[in-house]
Amino acid sequence: MKNLFVRFAKDESGATAIEYGLIAALISVAVIGGATVLGNNIDAKFGKIATTIGGGTDDDINKGTTPN
């Protein structure tokens, strides 16, 4: 029984898979966070461009109305 416990304590076969899983999870969180920030920045930039071209406001564009 003692020998079985010693072998179990030394066994690290699943540790690598868990480490890779944690690394993949951290990368996923970073990618999602970056995509969210980038998406918000792109949305704001296109809103400014649309306002400049259309002469209206973001509210006019979001409501689908044309500026007077």
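Read-outs throughout are calculated quantities, based only on the coordinates presented, and are distinct from any laboratory measurement. Here the structure is a predicted model, which means the values were calculated and not measured. Neighbour counts run over all protein chains shown; Cβ positions are idealised from the backbone, glycine included.
For the peptides 8-16, 42-50, what is the packing order when you average, over each peptide's residues, the other Cβ atoms within 10 Å and list the highest mean first?
Details: 8-16: 7.9, 42-50: 11.7.
Answer by packing, highest mean first, reads 42-50, 8-16.
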Handout entry: Virtual spin-label span in nm between residue 1 and residue 42, 7 Å along Cα→Cβ
Key = 6.2
